[in-house]
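Below is one structure, written out as structure tokens; the observations come after it.
The values are calculated or read from the model by the stated rules, or taken from the named source; none is laboratory data. Source: prediction; values computed, not measured. In this analysis, Cβ positions are derived from the backbone assuming ideal geometry, glycine residues included, and neighbour counts consider all displayed protein chains.
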Amino acid sequence: MRLYGELADWYTLLTPLSEYAEEAEAHLALLQAELGPGRHHLLELGASAGHVAWHLRGAFALTLTDLSPAMAELARATCPEAEVLVGDMRTMRLDRRFDAVFLHDAVSYIIGEADLAAVFETAAAHLRPGGLFVVMPDYVTETFAPEEESGGSDGEGRALRYLAWVWRRDGESDRYVVDYALMTRVGDGPTEVHTDRHEEGLFPRATWLRLLDAAGFDAQARTRHDDWAARDLDVFVARRR
């Protein structure tokens with residue numbers, strides 16, 4: 001995926017830090033309500049550029065991980081006080097236990113039950129007994145619908161705009177496609193157009209709950225309204241047995 005590699009330097013204009021403030025406030029309220037008072041140790045899987053983590057940094061001691069070295073570099077710049085590591089959420093083992101593991105929309109890139117089960121096993125391996133696992137996919141099977149997104153922002157001497165087209169191929173029920181068209185411009189120079197296709201996984205709620213249970217979690221499926229997405233999103237809140 002070009003967005004997390006050769007185009008990663010543009011990522012902060014695709015989704016600026018300020019756009020995460022309201023969403024992160026909801027994440028923080030959920031985590032603090034579940035964990036109680038105190039400064040807890042939180043591991044984020046698939047932290048991307050650290051834009052959610054930046055809004056959590058005052059409340060938690062943070063360890064951030066991402067599969068992409070380029071995104072990990074962005075996260076280090078965003079959250080210099082956090083520990084940032086490169087790792088695959090399906091196989092990573094840090095030999096440490098945390099109070100909470102947080103996994104936002106990066107879980108959407110997991111396709112197939114075996115890989116989703118591996119992610120849950122990673123979360124369980126990094127939690128103390130009773131520790132909290134919160135995972136938030138963009139869609140479950142029951143909520144998927146084709147849509148379009150657009151946005152972008154201006155930076156110092158450069159700008160980006162994008163269109164994201166979310167759709168599903170006929171006959172495929174376990175995944176969907178997000179096609180990005182990214183327009184970038186430096187100064188008054190010519191606009192460059194880049195395309196990038198992302199394949200993302202879909203699972204029914206019952207599958208999420210079954211695999212969480214198999215990984216040693218007591219889990220609930222909840223919903224929260226996301227104003228930016230203008231729809232309800234599923235949130236799986238789980239405790240390690």
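Just one of the numbered conditions (1) closer than 14 Å to D105 by Cβ; (2) without any contact (Cβ under 8 Å) to a residue 40 or more places away in the chain; (3) of a type outside the set (S, T, N, Q) is not true of R57: (1). The set of residues from the stretch 57-78 being within 16 Å of the chain's Cα centre (by Cα), surrounded by 21 or more Cβ atoms within 10 Å (Cβ to Cβ) and not charged (D, E, K, R) comprises L62, T63, L64, T65, M71, A72, L74, A75, T78. Restricting E149, E172 to those that are without any contact (Cβ under 8 Å) to a residue 24 or more places away in the chain, acidic (D, E), out of contact with any helix residue (DSSP H, G or I) (no Cβ under 8 Å at 6 or more places or on another chain) and in a loop (DSSP other than H, G, I, E, B) reduces the list to E172.
May I ask you to list the residues in the stretch 184-211 that are more than 27 Å from R90 (Cα to Cα) and among the hydrophobic types (A, V, I, L, M, F, W, C)? Those that are more than 27 Å from R90 (Cα to Cα) and among the hydrophobic types (A, V, I, L, M, F, W, C): V186, V193. Filtered by the rule that a residue be under 13 Å from P137 (Cα atoms) and either free of Cβ contacts under 8 Å to residues at least 24 places away in the same chain or among the aliphatic types (A, V, I, L, M) (or both), the stretch 183-208 gives a lone residue, L202. Counting just the residues of the stretch 3-45 that are touching a His at 6+ places or on another chain (Cβ under 7 Å) and crowded, with 17+ Cβ neighbours inside 10 Å, which one comes out farthest from D99 (Cα to Cα)? Among those that are touching a His at 6+ places or on another chain (Cβ under 7 Å) and crowded, with 17+ Cβ neighbours inside 10 Å, it is L7. For D179, state whether it is farther than 20 Å from F120 by Cβ and modelled with pLDDT of 95 or more. So D179 passes the test. Among residues of the stretch 78-96 that are over 13 Å from H126 (Cβ atoms), those with a beta-carbon under 6 Å from a residue that is of a type in the set (F, W, Y) at least six positions away or on a different chain give the pairs T78/W54; C79/W54.
Here F102 does not fit the description of being buried (at least 22 other Cβ atoms within 10 Å of the Cβ), more than 30 Å from V166 (Cα to Cα), assigned by TED's automatic domain parsing to the domain that holds L43 and of a type in the set (F, W, Y).
So A53 passes all but one of these: (1) in the same structural domain as Y20 (by TED's automatic domain parsing); (2) on the phi < 0 side of the Ramachandran plot; (3) surrounded by fewer than 23 Cβ atoms within 10 Å (Cβ to Cβ); (4) not charged (D, E, K, R). Which condition number does it fail? Evaluating A53 over (1) in the same structural domain as Y20 (by TED's automatic domain parsing); (2) on the phi < 0 side of the Ramachandran plot; (3) surrounded by fewer than 23 Cβ atoms within 10 Å (Cβ to Cβ); (4) not charged (D, E, K, R) leaves (3) as the failure. When each of H225, H198, H194 is tested for being more than 19 Å from the chain's Cα centre (by Cα) and of a type outside the set (G, A, S), the lone residue that passes is H194.
Answer with yes or no whether A238 is at pLDDT 95 or above, of a type outside the set (V, I, T), under 26 Å from A29 (Cα atoms) and in contact with a Leu (Cβ under 6 Å, 6 or more places away or on another chain). Spelling it out, A238 is indeed at pLDDT 95 or above, of a type outside the set (V, I, T), under 26 Å from A29 (Cα atoms) and in contact with a Leu (Cβ under 6 Å, 6 or more places away or on another chain).
When the stretch 106-139 is limited to residues that are part of a strand (DSSP E or B) and touching a helix residue (DSSP H, G or I) at 6+ places or on another chain (Cβ under 8 Å), the one that is farthest from R241 (Cα to Cα) turns out to be V135.
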